[in-house]
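The values are calculated or read from the model by the stated rules, or taken from the named source; none is laboratory data. Everything numeric in this text was worked out from a predicted model, so none of it was measured. Here the Cβ positions follow ideal geometry from the backbone for every residue, glycine too, while neighbour counts run over all protein chains shown. Ligands, DNA and RNA are stripped out before the accessible areas are found, and what is left, the full protein with its side chains, is counted by its heavy atoms. Shrake-Rupley method; radii C 1.70, N 1.55, O 1.52, S 1.80 Å.
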Amino acid sequence: MIRAALDVVTSIPSPPVSSFTIHLFSWNLTIHYYALCIIAGIIVAVFLTNHRLTKRGAEPWVVIDIALIAVPLAIIAARIYHVLTHYNFYFGEGSRPWSWLYIWEGGIAIYGALIGGAIGAWLGCRWTGIRFTAFADALAPGLLLAQALGRFGNWFNQELFGLPTDLPWGLRIDSDNPAFPPGLEPGTLFHPTFLYEVIWNTMGVFVLLWAGRAFTLQWGRLFGLYLVWYSAGRIVWESIRIDPSDVYLGLRTNVWAAIIGVVLGLVILFVQKRRHPGLEPSPYVPGREWKPKGAVQSAETEDFVDVSEPPAEQVESGSATSTVASK
């Protein structure tokens, strides 16, 4: 009895609900906390990225134009990646028809989001004239913070937890939850991998902000550091998770993806350092620079000052003579 009470006090509870309903006239709208966590992460990332880009001289809120393309592609690719790496869960024996469309139940993969988001961001940067590497570096800290917020969605859904544990910060999962492993006793605690990643990602935000200033990481190198930091932690969390996943050569697909992420991040850091030892001259590609309204640039005075020759009549009537006018 005392032991059970101690477990309740020292463990982490899971939220009793994962959604709420708003009644609008005769229509019921279900809002999932998972979706709210994702939306909160996107908003925070947009604000932080906008702040960092405008400090470098970019047009305020140009990030919105890029996000309009990048965010939808990121979400679509994240879902496709998750479904493909959990193929048997969605299309195997006993699976629910069309469950692969139920994104509100969870199931989006950050590496799929990175692939889709990178394509969308590249297209958005070409549209706005922003240098792709400058945008990636500005995005990196906000992206980590967004991922930290998004992981709370897994907590609300009681999903993606780790192996059983007797640690005092073990996570309680409802025994009637579909994700609860069969054969285990009710009340079994699990590693709160969502919390591990929240802490790791939040630490990473401060590391990236510090490293970006201390070492002036540009030309995509700060994003390379993001890949190394996030993926290194993901290798650990993914190795202790027990949710269904396809396995290749003894490793879960997301462990392989995280290993590739570390390698790719290191390649970006070293290659871009050799290719671009100097600083980025502007967050814009040459010829696409943004000029604030009303700004006057002395190097281009012809655009703002009339330097043409005056009419001949004005020259004759306004010219001075050296002779004294006769009385």
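Values for this structure:
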| read-out | value |
| --- | --- |
| Residues of the chain: accessible area per residue with a 1.4 Å probe, Å² | 59 Å² |
| Helix-only [θ]222 nm of the chain, DSSP H runs n ≥ 4, -39500 (n - 2.57) each, per residue, nearest 500 | -18000 deg cm²/dmol |
| Gain in span if fully extended, Glu280 to Phe20, counting 0.36 nm per residue against the direct Cα distance | 88.9 nm |
| Gyration tensor (alpha-carbon) shape descriptor, region 174-230, a/c threshold 1.5 | prolate |
| Label-to-label distance, nm, for residues given as Leu251 and Ala179 (7 Å Cα→Cβ offset) | 2.4 nm |
| Identified option (computed P(r) over Cα pairs in 10 Å bins from 0, in percent; candidates (1) 5, 20, 20, 13, 10, 9, 8, 7, 6, 2, 0; (2) 5, 24, 32, 25, 11, 2, 0; (3) 5, 21, 27, 19, 11, 6, 4, 3, 2, 2, 1, 0, 0) | (3) |
| Apportionment of accessible area to carbon and sulfur, region 105-227, percent (1.4 Å) | 70 percent |
| Gly170 long-range amide H proximity, modeled H, under 5 Å | Ile12 |
| Amide H contacts under 5 Å for Glu280, placed H, 5+ residues apart | Trp219 |
| Charge dipole magnitude, Cβ of K and R +1, D and E -1 - region 22-116, Cα centre, debye nearest 20 | 240 debye |
| Other-chain or far-sequence residues with amide H under 5 Å of Leu189's (modelled H) | Thr165 |
